[in-house]
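What follows is a short report on a single structure.
The values are calculated or read from the model by the stated rules, or taken from the named source; none is laboratory data. Only a predicted model underlies this, so the values are computations on that prediction, with no experimental measurement involved. All Cβ positions, glycine included, derive from the backbone under ideal geometry; neighbour counts span all protein chains shown.
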Amino acid sequence: MYLIVGLGNPGKKFKESRHNIGFMALDFFVGDKEKWHYCKVGKYLWVKKQINGKEVELIKPQTFMNNSGFAVASAQKKIKVAIENILVVLDDMDLPLGTIRIRKKGSSGGHKGLQSIIDYLKTEEIPRCRIGIGRSEKIDPQKWVLQKFTKEEKIKVKEVLSQTKKILLQIIKEGIEKHLGTYKI
């Protein structure tokens, strides 16, 4: 059993913002034919799939980024998945757009959504897929992450989402060990 968590903020206002690339990655992974269901108790959207003979639940917390840990802890408890089989997909300002980094553990690196998950699960040993969104030298980071991608960037984002899906499928099939590292598109 795997639990894949995409981080983002709920609502139309944030739908295609840089901070929501985790949601975008899961939406791309699931496709248009699957319907997301709402878990009222855990406050998250979820889809369950069978992939390579393995059960996979994908969730998008609806608690806003800074309290994502509540939804993840709730889902983890409900489906009884081991922490090493949780994979968090999130944005990273310190990676340029077009870069994906897979790690088994580590600090939050200042990402408040990941920090919330670390706090709720009481461990930094949570696998994660960081997707680079780049950083602006002119715009404050808190405003930058809430901006939408430019028309030119959206072309790169589509490539990144496609590559992220391939990597996630490989991790489900073969485990995370073979896929640790940095990928550049």
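Restricting region 108-133 to residues that are in contact with a Gly (Cβ under 9 Å, 6 or more places away or on another chain) and either modelled with pLDDT under 95 or part of a strand (DSSP E or B) (or both), the residue that is farthest from ARG18 (Cα to Cα) is ARG128. Tallying residues that are surrounded by 14 or more Cβ atoms within 10 Å (Cβ to Cβ) and either under 26 Å from ILE83 (Cβ atoms) or aromatic (Phe, Trp, Tyr) (or both) within region 125-144 yields 9. Remark: pairs (first residue in region 170-185, assigned to a strand (DSSP E or B); second residue surrounded by 11 or more Cβ atoms within 10 Å (Cβ to Cβ) and small (Gly, Ala, Ser); Cβ separation under 7 Å; 6+ apart in sequence or on different chains) = LYS184/GLY98. Within the set LEU26, LEU87, the sole residue that is out of contact with any helix residue (DSSP H, G or I) (no Cβ under 8 Å at 6 or more places or on another chain), closer than 19 Å to ILE171 by Cα and buried (at least 18 other Cβ atoms within 10 Å of the Cβ) turns out to be LEU26. Restricting ILE100, ILE155 to those that are in contact with a helix residue (DSSP H, G or I) (Cβ under 8 Å, 6 or more places away or on another chain) and either more than 28 Å from LYS173 (Cα to Cα) or of a type in the set (A, V, I, L, M, F, W, C) (or both) reduces the list to ILE100.
Within region 11-26, residues that are closer than 10 Å to LEU90 by Cα and touching a residue at least 60 places away in the same chain (Cβ under 8 Å) sit with their Cβ atoms under 6 Å from residues that are in a helix (DSSP H, G or I) and of a type in the set (S, T, N, Q), at 6+ positions apart or across chains, in these pairs: ALA25/THR164. Scanning region 44-67 finds no residues that are among the small types (Gly, Ala, Ser) and in contact (Cβ under 8 Å) with a residue 12 or more places away in the chain.
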